[in-house]
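Below you'll find the structure, written out as structure tokens, and then a few comments.
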Amino acid sequence: MPRTIFFALVLAIGMASFADAEIVAQLDTPSQTGAPGDTLVFNVTLTNTSATDQIWLNGIGSTAASPFLSIDTDPFDVNAPLFLDPLESSSLFALIDVTIAPGTPDGPYIANFVSIQGGADGGTGIAFDDLVDVSFDVDVLSSATATPEPSSFGMLCAGALTLGLAKFRGLRRVCCRSARLDITSS
């Protein structure tokens with residue numbers, strides 16, 4: 001009986017210390033599809049689940065499951081907050097860019113991840129403990145076409161509308177001229 005109580009106590013202490021520095025990462029799209037040559041952007045929201053500790057976000061490490069995928073961690077360095085206060089969530093930000101090498105064979109490339117590093121270190125901001133591993137998948141299809149960003153899509157629609165109006169005005173001029181010719185020749 002004392003042995004069971006001891007293990008329960010050790011487990012409780014271990015869980016309490018683990019809970020004090022936990023970061024939860026939520027990718028907006030953990031699996032993306034692209035073609036060789038494409039660069040995919042993975043966005044994330046981070047949440048500090050500790051009720052007491054400020055958690056510093058000091059670095060990021062990456063592991064690609066394939067040599068055909070190149071992971072750029074610069075977006076984390078530019079976009080991540082320096083720290084998260086207790087129970088605070090970040091806004092959605094660009095975590096990494098993944099570039100698919102030209103000539104990459106079609107297929108799924110799974111088990112890629114990045115490790116976000118930092119910790120609750122009394123406010124010094126120098127901890128580099130692994131806080132959370134963020135997994136993501138890339139599906140490569142040679143025939144995949146990237147979906148335009150909303151601003152690009154809006155410009156595309158505006159251009160199509162402009163061309164449509166120009167075509168309509170041109171047809172109207174032709175119709176009006178031929179109607180005038182019919183009236184004057186009668």
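Residue-by-condition table, conditions (1) part of a loop (DSSP other than H, G, I, E, B); (2) free of Cβ contacts under 8 Å to residues at least 24 places away in the same chain; (3) surrounded by fewer than 13 Cβ atoms within 10 Å (Cβ to Cβ):
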position	(1), (2), (3)
Ile60	no, no, no
Asp77	no, yes, yes
Pro81	yes, no, no
Pro102	yes, no, yes
Phe113	no, no, no
Ile116	no, no, no
Asp121	yes, no, no
Asp137	no, no, no
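Among residues belonging to the stretch 42-58 that are at pLDDT 95 or above and either of a type in the set (Ser, Thr, Tyr) or surrounded by fewer than 19 Cβ atoms within 10 Å (Cβ to Cβ) (or both), point out the one that is farthest from Val24 (Cα to Cα).
Top of the filtered list is Asn43.
The values are calculated or read from the model by the stated rules, or taken from the named source; none is laboratory data. If you're wondering where the values come from, they're calculated on a predicted model, not measured in any experiment. Here Cβ is always computed from backbone atoms with ideal geometry, including for glycine, and neighbour counts include all displayed protein chains.
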